[in-house]
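Note sheet for the following structure.
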Amino acid sequence: MTLVGRRVRVRVPATSANLGPGFDTLGLALNVHDELDVEAIESGVEITVEGVGAGEVPTDATHLVARAALHAFERLGVPAPGLRIHARNAIPHSRGMGSSGAAIVSGVLAAVGLVGDDVDVDDATVLRLATELEGHPDNVAPAIFGGLTIAWVDDEGPHHTELAVHRGVSLLVAVPQERMSTSLARSLQPADVPHADAVFNLSRAALLIAALTQTPGLLFAATEDRLHQRYRASAMPSTSRLVEALRAAGHAAVVSGAGPSVLVLSSDPEQRLAAAEIVAAQEDSWESHLLAVDIKGGTVESNPR
């Protein structure tokens, strides 16, 4: 099998994980995308980047997209070709919008697209390959499949299910200038949590599924959390202040992923605009993005023009 000369275009959405109480389980795909043109070449890795990360990220085989693609080739038992990658990035880095998960999914989908029909690769395999690099499936599942996803892991590996978000749900993501390390955010959480907090989050996570899919009016109560956000607050004081200000005004605001961005789940467009006004009034610099749910997930186009 020779892959040299094959080309694919990959498009992958940003994501917001946790959604408040659904820690390491719930994820939502957002209509902000990174796009890649990937060509299989004789040898080496050549990467050019425009948009987010240009001049900052590696342009060799250590780039996360390249690492993910090479990992996928190895796990699929396919000799890896060289790669020529041109990335057009729009997902903010280290802001809690799934940029690393999107890069991993992009690389895996690029490899699967280049292999084409020579190897049979199903959705479960794509999720497994991406999770092997990401470590947990809550971000990569919505990046692959789109929409609202519930992800879990058992002895057989990662799994997911997809749900349609109620059309009355409107999204706002407030993005700050500062960045946040996911590993740092995770290090701030205790190894054990009180039983009452675990029960609290179980009830809210179950309620959140109903709110997002059937009854958006329940979003405020459904986005309460006691497992992770308060433990990370000291590392993201401006994020904590914004979440508190939004929730004090009745908005269903949560930390997006590991932060420091803030996700607001509104039950109508007017409520979302009111939330944007609160964001604009903050002393810290925030940029509001009025977004929709991406329902397609990652896409692959073979031999693009």
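In whole percent, what relative contact order does the range 224-305 give with Cα contacts below 8 Å and a gap of six or more residues? Once divided by the residue count of the range 224-305, the mean separation gives 18 percent.
Return the carbon/sulfur percentage of the accessible area of the range 44-189, one whole number, probe 1.4 Å, all protein chains in place.
Working: 2950 of 6170 Å².
The C+S portion of the solvent-accessible surface of the range 44-189 is 48 percent.
Among the GluC sites (Glu not before Pro) within the range 1-68, those in coil by DSSP and having at most 11 neighbouring Cβ atoms inside 10 Å are E42, E56. Measuring spread by the Cα atoms of the range 238-297 yields a radius of gyration and Dmax of 11.4, 36 Å. Computed from Cα positions, the angle between helix 99-115 and the longest principal axis of the chain comes to roughly 30 degrees.
Of the residues P304, L246, V262, the one whose Cα sits farthest towards the positive end of the charge dipole of the range 159-305 is P304 (charges of +1 on Lys and Arg Cβ, -1 on Asp and Glu Cβ, taken about the Cα centre). Remark: spin-label model distance A54-R75 equals 3.2 nm, labels positioned 7 Å along the Cα→Cβ axis. The slack in the chain from H86 to I41, taken as 0.36 nm per residue of separation less the alpha-carbon distance, amounts to 14.9 nm. About its Cα centre, the range 1-115 has a charge dipole of approximately 240 debye under the convention of +1 per Lys or Arg Cβ and -1 per Asp or Glu Cβ, with nothing else charged.
For the range 205-253, the solvent-accessible area of protein heavy atoms averages 41 Å² per residue (probe radius 1.4 Å; ligands and nucleic acids excluded). Counting only Cβ charges, +1 for Lys and Arg and -1 for Asp and Glu, the dipole size of the range 107-188 around its Cα centre is about 620 debye. Packing, taken as the mean count of other beta carbons within 10 Å per residue, orders the peptides 276-289, 242-255 from highest to lowest as 242-255, 276-289.
Annotation: extensible slack from D117 through N303 equals 65.6 nm (criterion: 0.36 nm per residue apart, minus Cα-Cα distance).
Potential lengthening of the chain between V199 and S234 amounts to 10.2 nm, from the contour at 0.36 nm per residue minus the alpha-carbon distance. Within the range 68-160, the GluC sites (Glu not before Pro) that combine a DSSP coil assignment with at most 13 other C-beta atoms in a 10 angstrom radius are E156.
Between the range 14-44 and the range 196-246, how many Å separate their Cα centres? With the range 14-44 and the range 196-246 each reduced to a Cα centre, they are spaced 22 Å.
The C-alpha atoms of the chain define a longest principal axis, and helix 237-248 lies at about 50 degrees to it. Translational diffusion of the range 1-94, estimated by Stokes-Einstein from the Kirkwood radius over alpha carbon pairs at 4 °C in a medium of 1.567 mPa s, is 89 µm² per second.
Of all DSSP-defined beta bridges confined to the chain, some 85% are antiparallel rather than parallel.
For the range 158-284, averaging the sequence separation of C-alpha pairs within contact (under 8 Å, six or more residues apart) and dividing by the residue count gives a relative contact order of 35 percent.
When the convex hull of the Cα atoms of the chain is projected onto a plane and the area is averaged over all directions, what value comes out in nm²?
Projected over every direction and averaged, the Cα hull of the chain covers 15.6 nm².
Here the range 193-246 is treated as an ellipsoid with the same Cα gyration tensor; its semi-axes, largest first and in whole Å, are 22, 16, 6. Relative to the dominant Cα principal axis of the chain, helix 195-213 is inclined by about 70°. What the Cα convex hull of the range 84-135 gives, in volume per residue, is 92 Å³. Remark: the range 46-169 carries 42 Å² of accessible area per residue (probe radius 1.4 Å; ligands, DNA and RNA excluded). When only the Cβ of Lys, Arg, Asp and Glu is charged (+1, +1, -1, -1), the dipole of the chain relative to its Cα centre reaches about 480 debye.
The values are calculated or read from the model by the stated rules, or taken from the named source; none is laboratory data. Being a predicted model, the structure only gives us computed values, none of them experimental. Methodologically, a virtual Cβ is constructed for each residue, glycine included, from the backbone with ideal geometry; neighbour enumeration extends over all protein chains shown. We work out accessible area using only protein heavy atoms, side chains counted, and drop any ligands, DNA or RNA first. Shrake-Rupley method; radii C 1.70, N 1.55, O 1.52, S 1.80 Å.
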